[in-house]
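What follows draws every value from the coordinates through simple rules; no lab data is involved. Here the structure is a predicted model, which means the values were calculated and not measured. Cβ placement follows ideal geometry from the backbone for every residue including glycine, while neighbour counts extend to all protein chains displayed.
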Amino acid sequence: MSISITGLGIVSAIGMNLDENLNSLQNLKSGISNIDLINELQENFLGGEIKLTNQELSLIAFGKDQQEVFPRSLLLSLIAAKQAWGENNISPKIKTVIIGATTVGGMDLVEKILEKDVRIQLLAHNPSGIITDYLADYFHLDEFKTTISTACSSAANAIILGSRMIKNGLADRVLVGGGDALTKFTVNGFNSLRIYDTDFCKPFDNNRKGLNLGEAAAYIVLENKKSMAITKNKKVASILGWGNANDAYHQTASSPNGEGAQKAMQLALDEAKLSSKDIDYINAHGTATPNNDLSEGRAIEKLFGQKQLFSSTKAFTGHTLAAAGIIELIYSILSIKNNTIFPTLNHNALMPELKITPVTNIIENITVNTVLSNSFGFGGNNATIIIGK
Amino acid sequence: MAFIHKYSTISKGNTFNQGIIDGCINSKIATEITHPDYKDVIAGINLRRMSVIVKMGLANTIKCSSKNKIDAIVVATGLASLHNSELFLCSLIDPEQSILSPTPFINSVHNTISGEIALHTQNKGYNITYSQGSLSFEGALLDSILLTKEGKNVIVGGVDEAIPLLDNLSMKIKSKEEFTTGSTFFNVSPNKNGSLAEIVNCIITKEKKANYYITDNFNSNEDVLISGHSTCNHSKKINTLNYSKFSGIFMSNPAFGLH
């Protein structure tokens, strides 16, 4: 069963479309800066903020001014989903489903209610499903729809569900992705956990202190052969394998030996019928928290050996929570398409616990056929996806 | 392919101990949720810091777990722990709180429920959380059908909680519906032997199409439509049982309907 990726859409702190994101990655241009669009943050925070107001985003999403107030995550998701969906049409011959991913949903608007306690109707924006509901109506997708909320691995799990639905004949075409805006809730939440770096995040660095959050949305279109014969869409890349496993170690932290991470990566290799030496590059979760990078680094070392090429792109975008899995899947596709491995920024000191070394300078003119992308998170949720040409 | 082996419900009736028929349908429904004594069900851990919604999911999971190894945990929640979301949001706007406690933040995250179930049952298998408003449980159920196709023994359930803020809101928008807390979980496996029922299909579609589906497949002599709505328009006579009357209104209450 071949599962083809035929459409890509992305908005992040390093670009409002695919080309802008690629350009920033190639020119090592990070999108992390002072967060200045969220009012009343008690401290200064660095984050991957998209420097456009909701009004400006709304104008991009709809092409004209809107009376209705939309949550920021929804606006980001709509812009990305429109890019990915492109010229696709609804057809009775193609069973099309939509799967979304978010952690905060419309939390930015809920925060506003609590401040003013008058705009009660805005509470309707709290449930996570509202973005998928809106996109399903917008694109007239009347069949199965759902949203996955497994914190930082949400979008990766959404892609896994879409792939399994195609594999098992429950869908021909899937619009799948996720989005999370920066909110006071998440910035303060991660800060309360003492894993928010006050400086620029340093993935896989011995002096790493924690993450910088970011905001982003991305969507892709998955199709089987039957659907592609009708849509005439061209394949950009293929989903080869996937794995989901739980660490069952701690509420928020990963096990120090990376047991869940290893299991998720091994399951993905098994599904893809590949061995560890077939993986040309790993786009790591690499959040720059002391815990994640040690756990993930050990898991990569154990499964792939000391010479494995890997990097984290979190220092470009910040940790975009539910969107991270799909943002990084798209960056993995860009690696394959452009024969390039994008580096881990801000890296100065190797971690003494690890024998593996992250890619810290851009590598160009390298053949990248197969990429493994990790998304690990809160609640012990680990998800891995393998893509190929 | 997907067979239900066990189920467990926590609701306004004494359903956790007596089941739905004796605990709920044949007895007077209480106005408040009837929690089991969690100490008896969830042994050996400190329950004090665990949120209500996690306790419900975990107790139901333990009750549904057979002796067979569980391969996957699939949880549906419309709003996750509203109590903790509210607590954390309010602490953000409280000028006297200079240091925020991370506990309500952790407890408010949707997949804390499935994560804590995995942690306390030491389950390292597939783990996922669905949140799609009042269709949250349907996503979880579809995944469970896929998982049984993949040969897995699954725990799947729905859980949501009501907080006073919801009642204030439903009064302000003049809704007659009162939100409640509740949870139902199932053990679903590909194994037919000893099962209670089979899940044939799970479809999400527009109301009009759903009505066609019901009309086409319904045998009015033998079948009962179990619906979350009190009013349904159908062209032929259909025996309908409205489960929301018993479960109360919450986003993942279709799980109660399936029970």
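The A:Q306 and A:H140 beta-carbon pair, evaluated with R₀ = 45 Å, returns a calculated FRET efficiency of approximately 0.30. Comparing A:T231, A:A80, B:N46 along the charge dipole axis of the protein assembly as shown, the residue lying farthest to the positive side is A:T231, per the Cβ-charge model.
Give the residue from A:L334, A:I60, A:V110 lying farthest towards the positive end of the charge dipole for chain A; charges sit on Cβ (+1 for Lys and Arg, -1 for Asp and Glu) and the dipole is referred to the Cα centre. Projecting each Cα onto the dipole axis, the largest value belongs to A:L334.
Spacing of the modelled spin labels on A:E43 and B:N191, each 7 Å from Cα toward Cβ, amounts to 5.2 nm. Projecting label points 7 angstrom from Cα along Cα→Cβ for B:K149 and A:R194 puts them 4.7 nm apart.
Computed from the C-beta positions of A:N291 and A:N361, the FRET efficiency with R₀ = 25 Å rounds to 0.45.
When the C-alpha to C-alpha distance is required to be over 31 Å, the pairs from A:K232/A:K273; A:K263/B:K209; B:K12/B:K149 that qualify are A:K263/B:K209; B:K12/B:K149. Considering only Cα atoms, the convex hull volume of the stretch A:251-333 works out to 106 Å³ per residue. Using every pair of distinct Cα positions in the stretch B:80-139, the Kirkwood expression returns a hydrodynamic radius of 13.2 angstrom.
Once the convex hull of all Cα atoms in the stretch A:21-68 is built, its volume per residue stands at 82 Å³. Under 17 Å Cα-Cα from B:K55, which aspartates and glutamates qualify once same-chain neighbours fewer than 8 residues away are excluded? Partners found: B:E32, B:D37, B:D40, B:E116, B:D160, B:E161.
Listed peptides A:352-362, A:71-81, A:165-175 appear in the order A:71-81, A:165-175, A:352-362 once ranked by packing, highest mean of other Cβ atoms within 10 Å at the front. Just tell me the longest site-free run in chain B, where the sites are trypsin sites (Lys or Arg not before Pro) in a DSSP loop having at most 13 other beta-carbon atoms within 10 Å. My reading of the result: B:70-173 is the longest stretch. Pair-distance distribution P(r) for the stretch A:158-274, from all Cα-Cα distances in 10 Å bins starting at 0: 11, 26, 33, 21, 8, 0 percent. Normalised by the number of residues in the stretch A:271-360, the mean separation of alpha-carbon contacts (under 8 Å, six or more apart) gives a relative contact order of 35 percent.
Rounded to whole Å, give me the distance from the Cα center of the stretch A:178-220 to that of the stretch A:272-315. Computed from Cα coordinates, the inter-centre distance equals 19 Å.
Normalised by the number of residues in the stretch B:1-119, the mean separation of alpha-carbon contacts (under 8 Å, six or more apart) gives a relative contact order of 23 percent. Rounded to the nearest 20, the size of the Cβ-charge dipole of chain A about its Cα centre is 1180 debye, with Lys and Arg at +1 and Asp and Glu at -1.
Shielding by partners for peptide B:85-94, expressed as the average number of C-beta atoms from other protein chains within 10 Å of each residue's C-beta, is 4. Net length available on complete extension from A:A349 to A:K337 is 1.3 nm, with 0.36 nm assigned per residue and the Cα-Cα distance removed. Our helix-only sum for the protein assembly as shown, with -39,500 (n - 2.57) per DSSP H run of n ≥ 4 divided by its residues, gives a mean residue ellipticity at 222 nm of -10000 deg cm²/dmol.
Look at the Cα gyration tensor of the stretch A:262-389: its axes a ≥ b ≥ c give a/c under 1.5, and that counts as rounded.
In this simple spin-label approximation, A:N369 and A:N34 carry label points 7 Å from Cα along the Cα→Cβ vector, and these lie 5.0 nm apart. Computed from the C-beta positions of B:E207 and B:N14 and an R0 of 22 Å, the FRET efficiency is 0.05 to the nearest 0.05. Ranked by the mean number of other Cβ atoms within 10 Å of their residues, highest first, the peptides A:4-12, B:127-135 come out as B:127-135, A:4-12.
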